[in-house]
Amino acid sequence: NAGVTQTPKFQVLKTGQSMTLQCAQDMNHEYMSWYRQDPGMGLRLIHYSVGAGITDQGEVPNGYNVSRSTTEDFPLRLLSAAPSQTSVYFCASSYSTGTGETQYFGPGTRLLVL
Amino acid sequence: GQNIDQPTEMTATEGAIVQINCTYQTSGFNGLFWYQQHAGEAPTFLSYNVLDGLEEKGRFSSFLSRSKGYSYLLLKELQMKDSASYLCAVRDILTGGGNKLTFGTGTQLKVEL
């Protein structure tokens, strides 16, 4: 299993540009999430999905869109990039064991918006 | 909402024991997680507590007191490779199913010789 994969690893954007951060998992997990991590702020939830066709907003959703057409993929779209979106983005997936749910994180995408 | 507090930095000696504390306030607690994150890498799962008490897993143990809103991660026989950030995260069950984790800002642990 490849686990959770993210592309690209690094990206530089200009203000106003749009782009899609890709996330895929091959563990047949129902639950997938997007987080951003900023110094001194911890990981913050952007959007999440509890299954194909179902998405919802997290703590900091503004400026981001998601869709979940398949179980495997959960792309994050930046509609019009802003410098405040400079961050490290992590995708995560999880399953339910009944006694606890372990989230598996992708390697992250480092985004710089100029 | 949730509020999670943990110390920003800690330093300990190789071979020693260190305890990293986490306090939280939440409206719908349903489990507490500890993650380890090395610089430039993704977080990796260490432990999970949903009931009060101590969970032991090798050199790592995690304790939970729900009535006090308190958890700690105990690392024994510290090794240099344990130098990392340790993230406390509290889980809420969502109305539509699934889970939401709220993370603390992390404790940066430095292990010295």
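A short reminder: the numbers here are calculations on the coordinates, not readings from a lab. Remember, predicted model here, so these are calculated numbers, not experimental data. In this analysis, Cβ positions are derived from the backbone assuming ideal geometry, glycine residues included, and neighbour counts consider all displayed protein chains.
Figures for the structure shown
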read-out: Volume per residue of the C-alpha convex hull in chain B, rounded to whole Å³; value: 99 Å³
read-out: Too-long pairs where the Cα-Cα distance tops 20 Å, listed order kept, from B:76/B:110; B:68/B:110; B:57/B:81; value: B:68/B:110
read-out: Rounded FRET efficiency, nearest 0.05, which uses the C-beta distance separating residue A:86 from residue B:23 and R0 of 30 Å; value: 0.50
read-out: From phi via Karplus (6.51, -1.76, 1.60), per-residue ³J(HN,Hα) for the range A:51-60 in Hz, x at Gly/Pro; value: x, 4, x, 10, 9, 8, 7, x, 6, 10
read-out: Selection from A:84, A:3, A:23, by position along the positive dipole direction of chain A (Cβ); value: A:84
read-out: Residue (of B:62, B:15, B:31) at the positive-pole extreme of chain B, dipole from beta-carbon charges; value: B:31
read-out: Cα-centred dipole magnitude for the range A:11-62, charges only on beta-carbon of K, R (+1) and D, E (-1), debye, nearest 20; value: 260 debye
read-out: Dipole magnitude (debye, nearest 20) for chain A, charges at Cβ of Lys, Arg, Asp, Glu; value: 460 debye
read-out: Prolate/oblate/rounded label for the range A:1-95 (Cα gyration tensor, a/c 1.5); value: prolate
read-out: Net dipole in debye of the range B:8-113 [+1 Lys, Arg Cβ; -1 Asp, Glu Cβ; about Cα centre; nearest 20]; value: 260 debye
read-out: Rg to Rh, two decimals, where the protein assembly as shown supplies the alpha carbon set and Rh follows Kirkwood; value: 0.97
read-out: Length-normalised contact order for chain B - Cα pairs under 8 Å, 6+ apart - percent; value: 36 percent
read-out: Sequence-separation-based contact order of chain A, relative, with Cα cut under 8 Å and 6+ spacing, percent; value: 35 percent
read-out: Contour minus Cα-Cα distance for residue A:41 and residue A:67 (0.36 nm per residue); value: 6.8 nm
